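**Student:** The structure follows.
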Amino acid sequence: MNQIIQILSERRGDLGIALLQHIQISLISLLIAMVIAMPLAFWTVKHAKVAEFLLQIASILQTIPSLALLGLLIPLVGIGTVPAVIALIVYALLPIFQNTYLGLTEIDPALEEAADAFGMSRMQKLLKVELPLAMPTIISGIRTALVLIIGTATMAALIGAGGLGSFILLGIDRNNTALIIIGAVCSGALAIILSALIKWLEHASVKTALGVLAVSVLFLAGSGVYETVVNQKETITVAGKLGSEPEILINMYKELIEQGDSHVQVTLKPNFGKTTFLFSALKNGKINIYPEFTGTILETFAKTPVKTTGLSEKETYDKAKELVNKQDKLTLLRPMAYDNTYALAVKASFKQKNHLKKISDLANIPNKLKGGMTLEFIDRGDGFKGIKKLYGIDFPVKSMEPALRYQAIDQNKVNIVDAYSTDSELRQYHLSILKDNKHNFPIYQGAPLMSNDFARRHPQVVRSLNKLAGKITEKQMQEMNYEVNVKNMDPGQVAHHYLVKQHLLKEK
């Protein structure tokens, strides 16, 4: 409980922003879904076969897993709020359409005939008779849709749309239960509060319902105007992948950029999502900068295979810089010192018991191995696929989220995991890295990645970020990760302390 209170105190600003983002995404999705579903339901009241067809389509759409739907939308509309809103609209259509249709079709035919006898037009009958009678059923559908939207909107954090899901993802990544609880409880509380508000509308007049709708629209418009007015300086958006290390780095970027140019304001998007999400967001102009690794560029983004085995740090960087410049019109600045390469790690006791020093030694004990690895590592040519091919080793592996694989090896559910050489968990769980004696893993030096156009228009930003070139050793990075993940220090404070200590930033 004390940890929850401490995090709420330290991150109240972040929580407020995440809550506002969650409300915005949810209300926008709900309103658009209502605008689509309700008129269709009004029209199909007289067309039963069409209504049945649309209900089937809406039902099928709702069965699509949220991650799959987001994955399908990203190539079409990019990263961020837009694909998140589209996905949420898809899930909200069924309950709103279904309840609106049922509410209207279940009205007593005698009341319909009475309205016709009074000479009411179609619109008058809808507004004065049908909607008031169907209102409880319609509102019930809207409530169901809203609760569904608020719960599913936590997935928006995976693609950089923000919201309360950012707390949940951060908690999972750092094995911090307090963060997960805060995100989940706030999401649940928001659903209860807004659901109660909508329930109040069940027996309200059409005029009152329209008034609440107008207030919601004004809230969304007002929050957008407020953000525009507040951010009068030029805003540079810097994003990072999931994890403590990217968050530390982007905080360093922020301080260096703002120190170098007082006319810009840096907005951070930590825990933005997977590598491909960030790369797509950068190319589509959703973000301006993010830290990427030289080996990742050659292994993941090259449209034609690039040989990385045996390359030196300079050769790897030169190839990566040339590739993204020619292929994607992106600029990769000079890299930092440390090599955050992939590795295979085991417990020190397991290593000693089985006489392991290098990866090739695993060939002596394949039947004893139980792997827990990230899905990305399992599927990469410079990951497990490369290990099997180059070393001729194969053993059963379960795919796991990054933080979960370390918990699994600590609890002896697996005995070998993939790792990054700067992971704090190596120290935390007393794990040892096996030497990559056949050089399967490329060099992974981190460096800021941005578009050529942005680099050309912001030479001062380039100069500021180049101050990190050749800085940060592997030991220093692992220690900073340990401070964030284990000691629960704020990534911004850790980043600031390093910059001041290295005389890259003036102490305020």
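**Student:** Amide H to amide H under 5 Å from Ala337: which residues, 5+ apart in sequence or cross-chain, H placed 1.01 Å off N in plane?
**Tutor:** Those qualifying (amide H under 5 Å, at least 5 residues apart or on another chain) are Gly470, Lys471, Ile472.
**Student:** Per residue of region 92-108, in order, report the coupling 6.51 cos²θ - 1.76 cosθ + 1.60 (Karplus, θ = phi - 60°) as ³J(HN,Hα) in whole Hz, putting x for Gly and Pro.
**Tutor:** So the Karplus estimates, Gly and Pro as x, are 7, 4, 4, x, 6, 5, 4, 6, 5, 5, 5, x, 7, 7, 8, 5, 4 Hz.
**Student:** Classify the chain from the C-alpha gyration tensor, please: rounded if a/c falls under 1.5, else prolate or oblate depending on whether a/b exceeds b/c.
**Tutor:** It comes out prolate by the Cα gyration axes.
**Student:** Sticking with this one: Over the chain, what relative contact order in percent results from Cα pairs under 8 Å that are six or more residues apart?
**Tutor:** Contact order relative to length: 15 percent.
**Student:** Using Cα atoms only, what is the angle between the long axis of helix 48-62 and the major principal axis of the chain, expressed in degrees (0 to 90) to the nearest 10?
**Tutor:** 20
**Student:** Ok, one more. Lys/Arg Cβ at +1, Asp/Glu Cβ at -1, dipole of region 2-230 taken about the Cα centre: which of Ala161, Leu93, Gln62 is farthest positive-ward?
**Tutor:** Of Ala161, Leu93, Gln62, it is Ala161.
**Student:** Determine which lysines satisfy two conditions relative to Lys353: a Cα distance under 22 Å, and not lying fewer than 8 residues away in the same chain.
**Tutor:** Once the sequence-local lysines are set aside, what remains near Lys353 is Lys368, Lys370, Lys413, Lys435.
**Student:** Mind listing the long-range amide H neighbours of Lys269? Cut-off is under 5 Å, sequence gap 5 or more, other chains count too, H placed in the peptide plane at 1.01 Å from N.
**Tutor:** So Lys269 has HN proximity to Val238, Ala239, Gly240.
**Student:** OK, next. What number, rounded to the nearest 500 deg cm²/dmol, is the helix-based mean residue ellipticity at 222 nm of the chain, given -39500 (n - 2.57) per DSSP H run of at least four residues and division by all its residues?
**Tutor:** Calculated at 222 nm, the ellipticity per residue is -18500 deg cm²/dmol.
**Student:** Here is a further query. Taking the 0 to 90 degree range and rounding to the nearest ten, how far is the long axis of helix 313-328 tilted relative to the main principal axis of the chain, both from C-alpha atoms?
**Tutor:** Orientation of helix 313-328: about 30 degrees from the principal axis.
**Student:** I would also like to ask the following. Using unit Cβ charges (K, R positive; D, E negative) and no other charged atoms, how large, in debye to the nearest 20, is the dipole of region 261-310 about its Cα centre?
**Tutor:** Here the size comes out at about 220 debye.
**Student:** Taking amide H positions as placed 1.01 Å from N in the peptide plane, with prolines and chain starts having none, which residues 5 or more places from Thr331, or on another chain, fall under 5 Å of its amide H?
**Tutor:** It is Met450, Ser451, Asn452, by chain and number.
**Student:** I'd like the antiparallel share, as a percent to the nearest 5, of DSSP beta bridges with both residues in region 294-421.
**Tutor:** Expressed as a percentage, antiparallel bridges in region 294-421 total about 45.
**Student:** May I ask you to list the aspartates and glutamates whose Cα is less than 18 Å away from that of Lys475, ignoring any residue fewer than eight positions away on the same chain?
**Tutor:** In chain and number order, the partners are Glu245, Glu247, Glu313, Asp339, Asp423, Glu425, Glu483.
**Student:** Excluding residues fewer than 8 places away in the same chain, name every one of the lysines whose C-alpha is closer than 19 Å to that of Lys241.
**Tutor:** Lys254, Lys269, Lys274, Lys283, Lys286
**Student:** So, one more: In whole angstrom, note down how far apart the Cα centers of region 119-173 and region 60-108 are.
**Tutor:** Comparing the Cα centres of region 119-173 and region 60-108, I get a distance of 10 Å.
**Student:** By how many degrees, 0 to 90 and rounded to 10, does the Cα axis of helix 244-260 deviate from the longest principal axis of the chain?
**Tutor:** Here the helix axis deviates by roughly 90 degrees.
We did not get these values from a lab; they are worked out from the coordinates using the rules stated. Quick caveat: nothing in here was measured; it's all calculated off a predicted structure. Glycine also receives a Cβ, built like all others from the backbone with ideal geometry; neighbour counts cover every protein chain displayed.
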